[in-house]
């Protein structure tokens, strides 16, 4: 995504502007260390391009930017649950309008803070008071932190994921390493050699991955390091040919240039008492 071409709506600082992308308001970062774009719809990272390197984040060329449905690609914020644990699938945060609360910049990069709080609409879906914050640090690396605070008077259980779509040269030449010795696929636990390669659809929840998972992107002659915290699993996903062809918001060949590597609490196993916080994070670096 060429974020520099987006029409500017407002200038917030030397490095931060608000832009228009179809029906979405997008916070754009242009800094000597990197460029990035974050949609207020979903607190959704759309692009992260370190200086002198190509974008590390994959966005579908058919993504719907109207604001009427979740975006295909980028880093969707799946919260307060992951997958089909409840309705809507992957929670409501990725379809909500977040508020840009703060932006700071220095010679190392830019920090954005986006927030979401409970409303009558969210309480109809999930009966809890909460404060959610997505902190995004754009510099030589990209760090995304999802911070949940229980502002209710009762305990809550949460899960979620930072559903990162990574931009790769060719899925056939890609492997993901440091994944540990066990994964869940189709509800079944299976042993793992710790490495994932791709010749068919892959949808796996790795239970014992290292804190840093490595994506070997041979076609682009680069390595993407994904460092996670606050998680209990790493989800690796590629839809492959048939599923990609069935998606209206993905090109038939879109699966060839993406792989999802997600920092996840896949099972809603985090319990927060009133006043407690939890942070789920992912950091992406390129070498």
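Just so you know, all these numbers are worked out from the coordinates, no wet-lab data involved. Predicted, not measured: the structure shown is a model, and the values here were computed from it. So basically every Cβ, Gly included, is an ideal-geometry build from the backbone, and we count neighbours across all protein chains shown.
Computed values, structure above
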read-out	value
Of the criteria (1) closer than 30 Å to residue 203 by Cα; (2) in a loop (DSSP other than H, G, I, E, B); (3) free of Cβ contacts under 8 Å to residues at least 40 places away in the same chain, which one residue 37 fails	(2)
Test: residue in the range 272-284 that is within 20 Å of residue 69 (Cα to Cα) and surrounded by 20 or more Cβ atoms within 10 Å (Cβ to Cβ)	no
Restricting the range 60-107 to residues that are on the phi > 0 side of the Ramachandran plot and part of a loop (DSSP other than H, G, I, E, B), the residue that is surrounded by the most Cβ atoms within 10 Å (Cβ to Cβ)	74
Residue list for the range 1-19, restricted to those being under 15 Å from residue 100 (Cα atoms) and in a strand (DSSP E or B)	9, 10, 11, 16, 17, 18, 19
Residue match in the range 52-65 (condition: free of Cβ contacts under 8 Å to residues at least 60 places away in the same chain and over 17 Å from residue 2 (Cβ atoms))	no
Tally of residues being farther than 22 Å from residue 257 by Cβ, part of a strand (DSSP E or B) and more than 18 Å from the chain's Cα centre (by Cα) across the range 175-215	8
Any hit, the range 164-174, residues being part of a loop (DSSP other than H, G, I, E, B), surrounded by fewer than 24 Cβ atoms within 10 Å (Cβ to Cβ), more than 23 Å from the chain's Cα centre (by Cα) and in contact (Cβ under 8 Å) with a residue 24 or more places away in the chain	no
Selection count, the range 242-271, where residues are without any contact (Cβ under 8 Å) to a residue 40 or more places away in the chain and either crowded, with 22+ Cβ neighbours inside 10 Å or assigned to a helix (DSSP H, G or I) (or both)	3
Residues being under 11 Å from residue 164 (Cα atoms) and outside any loop (DSSP other than H, G, I, E, B) - total across the range 48-59	2
Of residues in the range 140-152 being closer than 19 Å to residue 85 by Cβ and within 19 Å of the chain's Cα centre (by Cα), the one surrounded by the fewest Cβ atoms within 10 Å (Cβ to Cβ)	148
Counted residues, the range 108-139 - those being without any contact (Cβ under 8 Å) to a residue 60 or more places away in the chain and either under 16 Å from the mean Cα position of the chain (by Cα) or at positive phi (or both)	6
Scope the range 216-236; condition surrounded by 19 or more Cβ atoms within 10 Å (Cβ to Cβ) and under 14 Å from the mean Cα position of the chain (by Cα); matching residues	226, 228, 231, 234, 235, 236
